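Right, one structure below, let's go through it.
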Amino acid sequence: MRELPSGTVTFLFTDVEGSTKLLHELGAEAYASALLKHRRVVREASSAHGGVEVDTQGDAFFVAFPTAPGALAAAAAALEGLSTSPIRVRMGVHTGTPHVDEEGYVGVDVHRAARIAAAGHGRQVLISASTAELLGTDGLRNLGEHRLKDLSAPEQMYQLGDEDFPPLKSLYRTNLPIPATPFLGREHELAAVCGLLEDARLLTLTGPGGTGKTRLGLHAAAESAERYPDGIFWVPLAPLRDPELVPATAGQALGAKDGLAEHIADKSLLLLFDNFEHVVEAAPCLSELLASCPNVQLLVTSRELLRVPGEQAYPVPPLGAEDGTELFVARACAALPSFVASDAVPELCARLENLPLALELAAARVRVLSPEQLVERLSQRLDLLKAGRGVDPRQQTLRATIEWSHELLDEDEQRLFARLAVFAGGCTLESAEAVCDADLDTLESLVDKSLVRIREGDRFWMLETIREYATERLEDSGEAEMLQRSHAEHFLALGERAEPNTRAYSGEWIRRLEAEHDNLRAALDHLAASGENELVLQLAGALTDFWHHGGHVTEGRRRLESALQGQEDPTLARARALSGAALMAYGSGDITAARSIAEQALELHRRFGDPRRAALDLNVLCVASIEEGDFEQAQQLAEESLALFREAGDEDNTLAATRTLAFTYHSRGDLDRARTLHESNLAQARALGFKETEAGTLGSLAMIATEQGRVQDAVALGKQNLLAYRDIGSLQGIARSLCGRASALAVLLGKADVAARLLACFEAQRERIGVSEAWVARMNEETLSAIRARLDESAFAEAWEEGRALTIDEAVALALESLE
């Protein structure tokens, strides 16, 4: 074999599509002859353009080229040489800078090239973005961004030539996370898990913390993606402590609105429940889900079996010796690029029983300790830290590894390590400083030693296994109660600070609270367990608008109603929580409950002399009256609410209440009066800079123009409405705007196919957000009828499916283009 190219190298992977099927169709002799020609053609094409054959397995080739043009020319020549052959070869071309050792190429670029080839179809040549940068795009077709089954970030993909092929075999309809590091080894285990998924409806990957259950589960799910046309969804459970939240958390991952089973129904999809051991009491819910949904499959990672009927267990073993060494070396090179493996590495990995987390923790130390020193120190710790009988030895070994890492910390690091366990789902630097009195240098040291990690640039978090160990240290320190109280007070203050910003919608604050949702839940739970019911009401009431705008209506309603049951004394905090519960009930479409709760809130706010909050309650009663058809009472309530806001000098809510009053006119059929009031309101909102009221009013005026048949006005106002909501970043506002634009397109412009796609996108977003106002549902039904009257069933089904797959940005672009 010629010397392997080094430095920047372009890889070509080839594979025969449907080889087993082709063998049966051609017969052994004819297939062997065709395969022989295929091998000759690929080898001649590669050699002619400077390629070096690295490996051949079965009917697949792995060839390395010193230049990208050479690799592409070889692929094109091979395609041409096989144009009359019954063998259809798919190819992938990728450029990187792999490490070369005596065994060949090492690094993620090799895996990447193979994945690219596997995503294609027979006679299709796929080219990565890195290769396209070297080639230029002449003669290449841009296939857009795709996420391959290695779970890496989406990457631009290209194809040689303009021929049409089926969609790439890449990931779609999924929320599987992007791992921070590549997946190494585990070929046997991956194949075993994928094989079990072909038959088992409930497969549980078991084993102690740190064995790599999550990574194996994620990659098995990705590898099996083609079997689940309705998607694969990851449900992270590690931050949860309340088993009742498991269905809601799964529903949120899927965008379910009316219950998890109802949303799934007969869809063919896979749910990956990750870290179930924390909420094992929720296991019966999985049995109920399987019974209700005939085509759903469940993959679970857990430290213990769920012990429910139909469960198939797969104990995740430690890594094999070679895989363990590969993992340690890869992580060590990441920590210290100049690291060179010594003979002590296999011994170190064996002493760590090739547990992935243990290997990662040890690899983080190579900057200061050689593998030989690591072996010496680790052997001492393992001899000292042995648990008694009945303890899983892998758990015992992992505990020893974490204990060893912990004892290498100085006193300040140990103290902060324990204190950080109080956070659920991680924390910001600001929160770490406020709750734990964290020192930045100490925190950074914990990151360097792989006991704390950084996510999305500004959040510090721990692997759950490490956090559990840190929790034990916190309990032993005697500071647990103090830290939990400090944590609850900190997030109570955050909720109070956020409340005025989320009321009028602030995308920045909604995203901030979303990142802290698990901490807010923990604060609510701690306050409730401590009997601080008044503070529970205070925090739950402050989070009302976050739950409403952030798509957590079901959980928000449950939290608020539970808090109200725990504290029935007539206080301001109770009144605010009642207002929140009324809004949640209205958002859930429960008009009767919304009215009843809002009336209680109104009575308390009047008693305590809080006219502004009383006005908010009157607003809920107004829209409830509209839904009940009592337009006269609705108008009276809207006028009263408006008067109170004016008396309080609340300009923002005065304009919002004026819009509600105009909506009552609209509901009564007095479109001209509604239009006049909206137009006056719009001018004031623009003058005062109240962007959300401006956006909402534009939408109301667009609806009126649509109903009056004023085509040009409806189009112009609708575009302004959509752009305004896009500018402020309100997902709920954008979704509603898409609904209105679908109505205009269907009724006024006759673009029923586009209208169907927009309405389908709206429905998908509405399910995810969790809000279900009755008036929106009615408008959708009318729009849907108009669409169906203009499209046959096949065209409608195709447009609807395409619409549900659109992202918000894609739907906005489609709407704006269609309104030109």
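The values are calculated or read from the model by the stated rules, or taken from the named source; none is laboratory data. What you see is a predicted model; the values in this text were computed from it and never measured. Backbone-built Cβ (ideal geometry, glycine too); neighbour counts: all protein chains shown. Heads up: the accessible areas ignore ligands, DNA and RNA and are worked out on the full protein's heavy atoms, side chains in. Shrake-Rupley method; radii C 1.70, N 1.55, O 1.52, S 1.80 Å.
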For the chain: accessible area per residue (Å², 1.4 Å): 42
Using alpha carbons only, how many degrees (0 to 90, rounded to 10) separate the axis of helix 572-587 from the longest principal axis of the chain? 70
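Longer than 27 Å from Cα to Cα, which of K691/K719; K169/K719; K257/K751; K213/K449; K169/K267 are they? Say none if no pair is.
Numbers: K691/K719 15 Å; K169/K719 36 Å; K257/K751 29 Å; K213/K449 22 Å; K169/K267 20 Å.
In this structure, K169/K719; K257/K751 lie more than 27 Å apart at Cα.
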Is the shape of region 707-797 best called rounded, prolate or oblate, per the rule: a/c under 1.5 gives rounded, else a/b larger than b/c gives prolate, else oblate, with a ≥ b ≥ c the square roots of the Cα gyration tensor eigenvalues? oblate
For helix 464-477, report the angle its Cα long axis makes with the longest principal axis of the Cα atoms of the chain; keep it between 0 and 90° and round to the nearest 10°. 70
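Measure off, as a whole percent, the carbon and sulfur share of the 1.4 Å-probe accessible area of region 511-564, all protein chains present.
Numbers: 780 of 1680 Å².
Ligands and nucleic acids excluded, carbon and sulfur give 47 percent.
Show that you can apply the helix-only estimate: for the chain, add -39,500 (n - 2.57) for every DSSP H stretch of four or more residues, divide by all residues, and state [θ] at 222 nm to the nearest 500.
Working: 38 runs with 494 residues, N = 820.
Calculated at 222 nm, the ellipticity per residue is -19000 deg cm²/dmol.
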Tell me, what ³J(HN,Hα) does each residue in region 23-40 have, in order and in whole Hz, if you take phi through Karplus 6.51 cos²θ - 1.76 cosθ + 1.60 with θ = phi - 60° and put x for Gly and Pro? 4, 5, 6, 8, x, 4, 5, 5, 5, 4, 5, 5, 5, 4, 4, 4, 5, 5
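Going by accessible area, probe 1.4 Å, with all protein chains left in place, what is the ranking of E763, E679, E781, E103, largest first? Kindly include the intermediate steps, with their values, before the conclusion.
Numbers: E763 25, E679 85, E781 120, E103 155 Å².
Order by accessible area, largest first: E103, E781, E679, E763.
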Size of the dipole of the chain about the Cα centre, Lys and Arg at +1 and Asp and Glu at -1 on the beta carbon, nothing else charged, in debye to 20? 1160
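Which order do the peptides 589-597, 24-32, 60-68, 183-191 come out in when sorted by mean C-beta neighbours inside 10 angstrom, highest first?
Working: 589-597: 18.6, 24-32: 12.1, 60-68: 22.4, 183-191: 16.3.
Taking the mean over residues of other Cβ atoms within 10 Å, the ranking is 60-68, 589-597, 183-191, 24-32.
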Let me see the pair-distance distribution of region 171-228: every alpha carbon pair, 10 Å bin width, integer percents in order. 20, 57, 23, 0
Residues whose placed amide H lies under 5 Å from that of H146, excluding near-sequence neighbours: E155, Q156, M157
Solvent-accessible area, 1.4 Å probe, carbon plus sulfur percent, for region 172-253: 58
Compute the helix-to-body angle for 752-769: its Cα long axis versus the longest principal axis of the chain, expressed 0 to 90° and rounded to tens. 90
Whose amide H sits under 5 Å from the amide H of L202, counting only residues 5 or more places off or on another chain, with H placed in the peptide plane? L298, Q312
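Mind running the shape call on region 586-646? Use the C-alpha gyration tensor, a ≥ b ≥ c as the square roots of the eigenvalues: rounded below 1.5 for a/c, prolate if a/b tops b/c, oblate otherwise.
Numbers: a/c = 2.34, a/b = 1.31, b/c = 1.78.
Taking the square roots of the gyration eigenvalues as a ≥ b ≥ c, region 586-646 is oblate.
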Counting only the heavy atoms of the protein chains, how much of D652 is accessible to a 1.4 Å probe, in Å² to the nearest 10? 50
Distance from region 748-820 to region 67-110 (C-alpha centre basis), Å: 43
Would you work out what percent of the accessible area of region 53-101, with all protein chains in place, is carbon or sulfur (probe 1.4 Å)? 55
Centre separation in Å (Cα based) which lies between region 616-635 and region 406-423: 55
Quick shape check on region 460-536: root eigenvalues a ≥ b ≥ c of the Cα gyration tensor, a/c under 1.5 is rounded, otherwise prolate if a/b tops b/c, else oblate, and it reads oblate
Normalised radius of gyration for the chain, please: alpha carbon Rg relative to 2.2 N^0.38 Å, two decimal places. 1.07
Radius of gyration and maximum dimension Dmax of region 212-297, Cα, Å: 12.4, 34
Note down the net charge around V125, summing +1 for each Lys or Arg and -1 for each Asp or Glu among other residues with Cβ under 11 Å from its Cβ. +2
